[in-house]
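Q: My structure is below; once you've seen it, I'll send some questions.
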Amino acid sequence: DGITRADLKQFDKDRDKIQSDWQQIGRARVFLNKDDNFKKVDTDSDDYLTKSEIRKALERTDLTQDERTSLEFLRDNVDDIEEASNDELGDEN
């Protein structure tokens with residue numbers, strides 16, 4: 001047992017993915033805070049963004065490419081992002 005070159009290579013890949021995800025989360029946060037877009041995406045006003053609400057927001061034609069990319073990232077990572085904070089009663093799902 002020990003660290004192999006393959007372990008180090010995988011570690012670098014994982015680190016790069018995590019850094020990329022943090023950048024995407026930051027961009028998404030900027031978009032959602034801008035012009036109160038969180039409320040615009042949260043169509044049922046329950047303070048939760050669902051995949052369905054995010055998909056509907058992606059239908060907007062006035063999105064910039066960066067905004068679209070941010071929403072796509074949120075849509076594709078809803079499960080992981082919602083698990084970051086235990087802010088619901090019972091299971092997150």
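The values are calculated or read from the model by the stated rules, or taken from the named source; none is laboratory data. Just so it is clear, the model here is predicted, and its values are computed rather than measured. Counting neighbours? That spans all protein chains shown, and the Cβs are built from the backbone with ideal geometry, glycine included. Note: areas computed on protein heavy atoms with side chains; ligands, DNA, RNA excluded. Shrake-Rupley method; radii C 1.70, N 1.55, O 1.52, S 1.80 Å.
Q: As an exercise, use a Förster radius of 30 Å and the Cβ-Cβ distance of E82 and K13 to find the FRET efficiency, rounded to the nearest 0.05.
A: The formula returns an efficiency of 0.75 here.
Q: Now for a different question. Could you give me D for the chain, from Stokes-Einstein at 10 °C and 1.306 mPa s, where the hydrodynamic radius is the Kirkwood radius over C-alpha pairs? Units µm² s⁻¹, please.
A: 106 µm²/s
Q: May I pose another question? Can you compute 3J(HN,Hα) from phi for each residue in the range 55-70, using the Karplus curve 6.51 cos²θ - 1.76 cosθ + 1.60 with θ = phi - 60°, rounded to whole Hz and x for Gly and Pro?
A: 4, 5, 5, 5, 6, 4, 8, 9, 7, 6, 4, 5, 5, 4, 4, 4
Q: Then there is this: Taking the Cα centre as origin and putting +1 on Lys and Arg beta-carbons and -1 on Asp and Glu beta-carbons, what dipole magnitude results for the chain, to the nearest 20 debye?
A: 620 debye
Q: Can you give me the solvent accessible area of D16 with a 1.4 Å probe, rounded to the nearest 10 Å²?
A: Surface accessible to solvent at D16 totals approximately 80 Å².
Q: For the chain, find the longest principal axis of its Cα atoms and tell me its angle to the long axis of helix 5-33, 0 to 90°, nearest 10.
A: 20 degrees
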